[in-house]
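The values are calculated or read from the model by the stated rules, or taken from the named source; none is laboratory data. Model, not experiment: these values are computed from the prediction. Every residue, glycine as well, gets a Cβ built from its backbone with ideal geometry; the counts of neighbours run over all protein chains shown. For accessibility, only protein heavy atoms count, side chains too; no ligands or nucleic acids. Shrake-Rupley method; radii C 1.70, N 1.55, O 1.52, S 1.80 Å.
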Amino acid sequence: MFAAISAYLDKQVGLDQHRPEMKERMRADQLASIVRLTPIMTVGSLICALSAGYILWRDSGNLLIPAWCLAVGLVVMSAYRAYLSRRHLPPARRISRRALKRAVGNAFTLGILWGLLPFLTSMVGTASHQHIVTSLIAGIIGAGGFAMSPLPQVAIAFVSPIVAGALVSLLQFPGLTEWTLAFMLLVYLPVILAAPLSHARIFVANLTAEYEAVEQKQVVSMLLKSFEENASDWLWQVNSKGRFLRVSSRFAEVTGLPPERLDGSSALALLRMISGRSTPFLEIFLSFKGEVPFRDVEIRLDRNGETFWWKVTGEPIYDDAGHFAGFHGVCSDITESKIAAGRVAYLAHHDSLTGALNRARFNEELTEAIISYEFNDTPFALFYMDLDRFKAVNDTMGHQAGDALLIEVVKRLEALLPSGCLLARLGGDEFCVLIEGDCSHERLGALAESIIESICTPFHIEDKLARVGTSIGIGLASDGAGTAEMLHHQADLALYAAKQGGRGTYRFFTPDMDSAERELRELEADLANAVSRNEMELHFQPIVTTDSEKIAGFEALVRWRHPTKGMIPPLRFIPLAEKKGMIGEIGLFVLNEACRVAATWPRHYTVSVNLSSRQFATNRVASDVKKALERSGLAPHQLELELTESILIEQPETVIETLNELKAIGVQIALDDFGTGYSSLSYLWRFPFDKIKIDGSFVAAINRDAGARHILSSMGALARNLGFKLTAERVETAEEVAFLQGIACDYLQGYYYSKPLPEADLAPCLAREVLRVVPEEEPAPAPRRAAR
């Protein structure tokens, strides 16, 4: 019952809208506001009780009166004693339900005692006594209800029995006066009961506002403290005379001065000491004198050999009368952001890895050099270079080693280049050097040779030796390039010529390189449409068994029959297709066409098709092969796919997954050009090869190089021990055939047996069981490698 009434009253005053912990705290404050009035209520109750008792005892002499006075005295003195025992304790944060019941019980007990007074008066007193007591009871109800109103449970518990007692006492008498008083008391009863609720509601609302204000103040104080202690900013304030007020520990820390020295000191004097009579000082000084705000003024400080930066913002403050009272604001330590901005500015013009100039900054310098040449005839040259075999270092030693190599390359170049030269890394392994002054061919050639020699010297990277080289293209201002882009292009053409000349060399730009470039661009444009125009065709070179010299299969080799330029050698268009990303389309044509043609042969013949790394990059090799087999009807065991070691290095996981998928359906896999490139035996162990093909350079050296013969013998033994078939290509003489038969090579391929044949010429070849030497009237041209 008590809990239900208490919950109802809490809802009426708004306590139910707060969190449980906040509700308990408010109830404790409600009770505390009543307890604080205990001394006054004790004195008031004793005076009223003794006064009423004296009047009634004097006129009646009834012993019930002193007994009633004693009971009231015991109750109020008990409450006062409890008050005295707790007044030095800290304020309670919450009160228990038991404590609330006890407070309500004490109020109710005291209310009953005061409610008994009208009965005693009616028993022993006169009409005048009745009027005096009625007036007293009205005062007790008003005063007690008001004093206890912060906690309506207590107020109502006190007032209710008094009102009930007064009503019952008045209704005992049939007189008009008594009934009138009873009626007035009934009319006034709702006000008596509603007043504590209204007052309690106001009290709770005030408490809520007070708590919120305290919480906000605590949050603001905490944030300000955290702001000043942990952030790079701090607050400051000066009075109207410019002297610091309330100096924070953070401010003292950044200035390097003790707080007691700063407190009350002149802000302008400190600023002048820090920055001198600089522009920021003058700006703040004038703002202070003019009482105008200032914002984001940057100040530089040099302290103990270090440089710091502050950013200061401030605005004037005025008192209630509108008089100038000083300035306040915020100061920020922007040293880190200044350093970061400097770093960003540096990175905007320099390569983040090596520290050399980047492409954007170098182009600006190159443009300025061109303008200077046009107006002042100041000669200069442009070196354009890249690293040979850098990709191999990246692939075998990792990108971290590649980055370390680039850093060392820049160090060598900076140590080698004459003073005044500008070195830039354009990206990847590409570098440019701008050289002003003497630009004679002799001087530039000697410098280029020195660079090539230096870069070719092995680098020590991660306790390993990394070997790279470089080729250099040289463009001169006098070559007529009017823009940085054109000069870059000329140097790039010269670099291409240097690489075509065998790498590890340099070339000066010449006008004929431009015409060669135009021809190459025309060839590139024609190559883009060569497959769609049916200009590509396949030739097939027989592969024979070593022991019986019977045909075992053919290797499919692509040819380009240009409509106006005739047959274009693969050496001209295959590298271009690789570079421009067209090799995928050409490779897919070779795969489909080879399967189509081979499907017409007897089923014991195989066809070999070369795959490029670009085809593996698309992750469609397996699906392309399956579609080609399904479309042509060729049996999977008749298809042999050849790939080089470079493909294995670039994409090992993707490649091995694809090869396993193809092996599962019966396709044969061959490792091409074995003995060149990286030649890691781990590939033979990790990848499911059926055959390895000896590079033709070893076969060509059989008759003149004993070392080549020893290597070939080792390859034969290795193939036998690992269970691989061994194929030798570019076989051209009987002596080569005899040697290869001696090392138990399984298959032979080359002009000794046949040149690559178009599809129309295959029928006579297929009809012959054994191949010997090609007719003498057909000279054997330079061997041709398969399309990549």
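What's the magnitude of the charge dipole for the chain around its Cα centre, counting Lys and Arg as +1 and Asp and Glu as -1 at the beta-carbon? Answer in Debye, nearest 20. Could the numbers behind the result be given before it?
Details: 78 positive and 91 negative charges, 1100 e Å.
Charge dipole, the chain, about its Cα centre: 5280 debye, nearest 20.
Given R₀ = 41 Å, what would the calculated FRET efficiency be for Glu210 paired with Tyr54, taking r from the Cβ atoms and rounding to 0.05? Efficiency computed from Cβ-Cβ geometry: 0.40. Largest accessible area first, the listed residues Lys691, Lys627 line up as Lys627, Lys691 when surface is computed with a 1.4 Å probe on the assembled protein chains. Between the residues Thr600, Val655, Pro575, the greatest Cα displacement towards the positive end of the dipole of the stretch 564-705, with unit charges on the Cβ of Lys, Arg, Asp and Glu, is found for Thr600.
Rolling a 1.4 Å probe over the heavy atoms of the protein chains gives the stretch 357-426 an accessible area of 48 Å² per residue. Heavy-atom accessible area for Lys725, with the other protein chains in place and a 1.4 Å probe, reaches approximately 100 Å².
One decimal place: the segment Arg303-Ile711 gains 139.8 nm when fully extended, by the rule 0.36 nm per residue minus the C-alpha distance. Full extension of the chain between Glu630 and Glu759 gives 44.3 nm of extra length, using 0.36 nm per residue less the Cα-Cα distance. What are the lysines whose alpha-carbon lies under 25 Å from the alpha-carbon of Lys626, with same-chain residues fewer than 8 places away excluded? Counting by Cα, and skipping residues close in sequence, Lys626 has these lysines nearby: Lys663, Lys691, Lys693, Lys725.
Solvent-accessible area assigned to carbon and sulfur over the stretch 57-167 amounts to 66 percent, based on a 1.4 Å probe.
Only one residue of Leu366, His350, Leu262 has its Cα farthest out toward the positive end of the dipole of the chain, where Lys and Arg carry +1 and Asp and Glu -1 on Cβ, and that residue is Leu262.
For the stretch 436-536, just say rounded, prolate or oblate: build the C-alpha gyration tensor, square-root its eigenvalues into a ≥ b ≥ c, call rounded for a/c under 1.5, and beyond that prolate if a/b exceeds b/c, oblate if not.
On the way: a/c = 2.96, a/b = 1.34, b/c = 2.21.
Here the stretch 436-536 falls in the oblate category.
Annotation: lysines with alpha-carbon distance below 22 angstrom to Lys580 (same-chain offsets under eight excluded): Lys391, Lys499, Lys565.
Run the quick spin-label model on Asp512 and Asn721: label points 7 Å from Cα toward the beta carbon, then report their separation in nm to one decimal. That separation, rounded to one decimal, is 5.2 nm.
Calculated FRET efficiency, Thr313 to Glu485, Cβ-Cβ distance, R0 = 45 Å: about 0.45 to the nearest 0.05.
Beta bridges assigned by DSSP with both partners in the chain are antiparallel in approximately 75 percent of cases.
Pulled fully out, how much extra length does the chain show between Ile202 and Arg261, if you take 0.36 nm times their separation in residues and subtract their Cα-Cα distance? Before the final figure, lay out each step's value.
Details: separation 59, 0.36 × 59 = 21.24 nm, distance 4.92 nm.
Contour length minus the Cα-Cα distance gives 16.3 nm.
If I compute solvent accessible area with a 1.4 Å probe over the protein chains, what percent of it on the stretch 285-417 is carbon and sulfur? Intermediate results must be reported in sequence, preceding the final value.
Numbers: 3780 of 7310 Å².
Ligands and nucleic acids excluded, carbon and sulfur give 52 percent.
Dipole size of the stretch 475-556 about its Cα centre, with +1 on Lys/Arg Cβ and -1 on Asp/Glu Cβ: approximately 240 debye, rounded to the nearest 20.
At 1.4 Å probe size, with every protein chain present, just tell me what the per residue accessible area of the stretch 540-657 comes to in Å². Write down the numbers at each step before the final one.
Numbers: 4700 Å² over 118 residues.
On a per-residue basis, 40 Å².
For Phe183, Phe739, Phe573, the ranking by accessible surface with the largest value first comes to Phe183, Phe739, Phe573, using a 1.4 Å probe. Residues of the stretch 365-406 with amide nitrogen under 16 Å from the 7 Å Cα-to-Cβ point of Arg467? Of the residues in the stretch 365-406, 388-394, 396-397 have backbone N under 16 Å from the label point off Arg467. Within the full protein context, the accessible area of Met715 is estimated at about 10 Å² for a probe radius of 1.4 Å. In a reduced charge model with +1 at each Lys and Arg Cβ and -1 at each Asp and Glu Cβ, the stretch 605-725 shows a dipole moment near 260 debye about its Cα centre. Between the residues Ala107, Leu271, Ala415, the greatest Cα displacement towards the positive end of the dipole of the chain, with unit charges on the Cβ of Lys, Arg, Asp and Glu, is found for Ala107. If a paramagnetic tag sat 7 Å from the Cα of Phe375 along the Cα-Cβ line, which residues of the stretch 412-456 would have the backbone N under 19 Å from that point? Only 436-437 fall inside the zone, counting backbone N under 19 Å.
Sort His489, His129 by accessible area with a 1.4 Å probe, largest first. Show your work: numbers first, answer last.
Details: His489 65, His129 15 Å².
Final ranking, largest accessible area leading: His489, His129.
Note on the stretch 507-658: with neighbouring protein chains present and a 1.4 Å probe, carbon and sulfur make up 50 percent of its accessible heavy-atom surface. How many angstrom lie between the C-alpha centres of the stretch 278-320 and the stretch 512-569? Computed from Cα coordinates, the inter-centre distance equals 76 Å.
Split the chain at each of the GluC sites (Glu not before Pro) in a DSSP loop with at most 12 other beta carbon atoms within 10 Å, and the longest piece is 1-461. Under 15 Å from a label point set 7 Å out along the Cα-to-Cβ vector of Lys550, no amide N atom of the stretch 625-659 is found. Among 377-383, 76-82, 343-349, sorting by the average number of other beta carbon atoms lying within 10 angstrom of each residue, highest first, gives 377-383, 76-82, 343-349.
Distance from the alpha carbon centroid of the stretch 30-103 to that of the stretch 326-402 works out to 88 angstrom. Note on Arg25: accessible area is roughly 60 Å² with a 1.4 Å probe, heavy atoms of protein only.
The orientation-averaged projected area of the convex hull spanned by the Cα atoms of the chain comes to 65.6 nm².
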